[in-house]
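Values in this text are rule-based calculations from the coordinates and carry no lab data. For clarity, every value in this text was computed on a predicted model and none was experimentally measured. Here Cβ is always computed from backbone atoms with ideal geometry, including for glycine, and neighbour counts include all displayed protein chains.
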Ligand SMILES: CC(=O)N[C@H]1[C@@H](OP(=O)(O)OP(=O)(O)OC[C@H]2O[C@@H](n3ccc(=O)[nH]c3=O)[C@H](O)[C@@H]2O)O[C@H](CO)[C@@H](O)[C@@H]1O[C@H](C)C(=O)N[C@@H](C)C(=O)N[C@@H](CCC(=O)O)C(=O)O
Ligand SMILES: Nc1ncnc2c1ncn2[C@@H]1O[C@H](COP(=O)(O)OP(=O)(O)OP(=O)(O)O)[C@@H](O)[C@H]1O
């Protein structure tokens, strides 16, 4: 694959698969507090730069390990530009555990990308030396000093509030946010202020070439971005000697968006339990068990999370889950809930049992509350699973969670006249869903260490 940087929108090329993707190397640049990751797709070079403005101890062996893991995961954005059958790891030797994990990160993490582009990634093969690890970096952190990646939505807000009591003695927790250099997401900054916690930042420069996919004839599509953010957070945590990276990935993030020839395709793969378990193994082999990477919400339903969020009204005027707040192109970024996307519709629905109609109408005031828009009936029908194989490619709950939320919301006096909700509940009558109280208990295993377990996790599924 080769391309001219002079290509413009009038010279669009047809995307085609490349032959080979190569990990060419990474440099740790302590004086600039950054890591530079370099890749090649056939003869086209890419570089991604991740900076950590607050610095840290770059001499620690654990930092080198964490930077190497970051290098492994950030490659996926550039691989997807040509999706070749071969990934050449160059001089980077991988343990068997790492190879298994990375293969899944590419195949499953790019599952949506592959499905929507009609590409079969089952032929994907990694070539490179094998690493026989005999010891870990033996990382030893400070006690109770978690770093919480913060997306500004319901999930990470609930995590912060659940973790808060466990860090009262150390006062050493921090939010973590990844942006482009100098960029700020209002949708993150505003609720972050409400938490009152300090913020650690990383700045990520994606190679600008990959942002011109259409024009340059690259393949394009979704990338497992939470995996990339996770790897960046781990490096930030290790630089600062912290003991935990606390994700906010819920139980339903493990559910497939659809099945393709029997194989699950999950938009949220890098938020899934499979990703979490594999990444934890990689981290434990490389760093030892000093750093705990886990999702606090792994075992918990969207309904439980929504109920906890409703207990925190001070965030209502400040939080935003709509992904239109996060577009890289600032001219296209929204400064309010768009009020029509699947994510807005889902958040409205799942909060409706617990947050008053009046408050939800205020939250969605600019574009209007999704549950009041007759034109969104089909959107809600898809969220509730009434249209086969049409769960949105978005971070939304499981169809049964949506049906339970609809029933609970429709039973509220302030929703008695809500046409959409009443129509959905009538249509949901034939579905056998868990009782609401079942969704208020832990639903699966989780990896939350005892010192960070909220009450709900202490009472079940130990
Ligand atoms: C903001 C958003 O939803 N973006 C998705 C959208 O991309 P679009 O082209 O409209 O805009 P940009 O996000 O600005 O991306 C421009 C190009 O850059 C590529 N890119 C971006 C980040 C990266 O790490 N590597 C990249 O190569 C991207 O592919 C574009 O070509 O549609 C894309 C195709 O479906 C999505 O991939 C974009 O999603 C972003 C990567 C993103 O950050 N999305 C999160 C809001 C998101 O989806 N979070 C998930 C978490 C699940 C997971 O980890 O997979 C969720 O909410 O479910
Ligand atoms: N720019 C970012 N910097 C750091 N962490 C992020 C960023 N964007 C998302 N995250 C984290 O990635 C994970 C997945 O994001 P997701 O959008 O599902 O969560 P959220 O914003 O907390 O909640 P919601 O689903 O309501 O948007 C969460 O742990 C979230 O906090």
Binned at 10 Å starting from 0, the alpha-carbon pair-distance distribution of the range 302-440 in whole percents comes out as 12, 45, 35, 8, 1
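How do the peptides 121-128, 46-53 rank, highest first, by the average count of neighbouring beta carbon atoms within 10 Å per residue? Walk me through the numbers before you get to the answer.
Values: 121-128: 13.8, 46-53: 19.4.
Top of the packing list down: 46-53, 121-128.
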Assuming a viscosity of 0.890 mPa s and a temperature of 25 °C, what translational diffusion coefficient in µm² per second does Stokes-Einstein assign to the range 162-277, Rh being the Kirkwood radius over Cα pairs?
-> 146
Show me 423-435, 366-378, 144-156 ranked by packing, highest mean number of other Cβ atoms within 10 Å first.
-> 144-156, 366-378, 423-435
Return the FRET efficiency for the residue pair residue 122, residue 431: r is the Cβ-Cβ distance, R0 is 25 Å, and the value is rounded to the nearest 0.05.
-> 0.15
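Which value in Å does the Kirkwood hydrodynamic radius of the range 378-462 take, with 1/r averaged over all unlike C-alpha pairs and then inverted?
Values: mean 1/r = 0.0678 Å⁻¹.
After inverting the mean inverse Cα-Cα distance, the result is 14.8 Å.
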Estimated [θ] at 222 nm from DSSP helical runs (n ≥ 4, -39500 (n - 2.57)) normalised by residues in the chain, nearest 500 = -9000 deg cm²/dmol
Please compute the Cα-Cα pair-distance distribution of the range 202-330 with 5 Å bins starting at 0, giving whole percents from short to long.
-> 2, 8, 13, 17, 18, 18, 14, 7, 2, 0
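What does DSSP give for the chain in terms of the percent of beta bridges that are antiparallel, rounded to the nearest 5?
50
Sort 237-248, 83-94 by packing, meaning the average of other beta carbons within 10 Å per residue, with the highest value first. Walk me through the numbers before you get to the answer.
On the way: 237-248: 25.1, 83-94: 17.4.
Descending packing order for the listed peptides: 237-248, 83-94.
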Over all alpha-carbon pairs of the range 111-213, lay out the pair-distance distribution in 5 Å bins, whole %, shortest bin first.
-> 2, 9, 14, 13, 12, 12, 15, 13, 9, 3, 0
Please give, to one decimal in nm, the separation of the simple spin-label points placed at residue 458 and residue 336, each 7 Å out from Cα toward the Cβ.
-> 4.4
The range 326-396 and the range 42-88 have their Cα centres apart by a whole-number Å value of 34
For the pair residue 143 and residue 24, how long in nm is the line joining their label points, each one 7 Å along Cα→Cβ?
-> 4.8
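Once the Cβ-Cβ distance between residue 365 and residue 281 is put in as r, and R0 is 41 Å, what FRET efficiency do you end up with, to the nearest 0.05? Before the final figure, lay out the partial values.
On the way: r = 46 Å, r/R0 = 1.11.
Rounded to the nearest 0.05, the efficiency is 0.35.
With r as the distance between the Cβ atoms of residue 86 and residue 422 and R0 = 56 Å, compute the FRET efficiency 1/(1 + (r/R0)^6) and round to 0.05.
Values: r = 55 Å, r/R0 = 0.98.
Calculated transfer efficiency: 0.55.
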Working from the alpha-carbon coordinates of the range 212-277, get Rg over Rh, Rh being the Kirkwood radius.
-> 1.09
At 1.002 mPa s and 20 °C, Stokes diffusion of the chain via Kirkwood alpha-carbon radius, µm² per second | 93
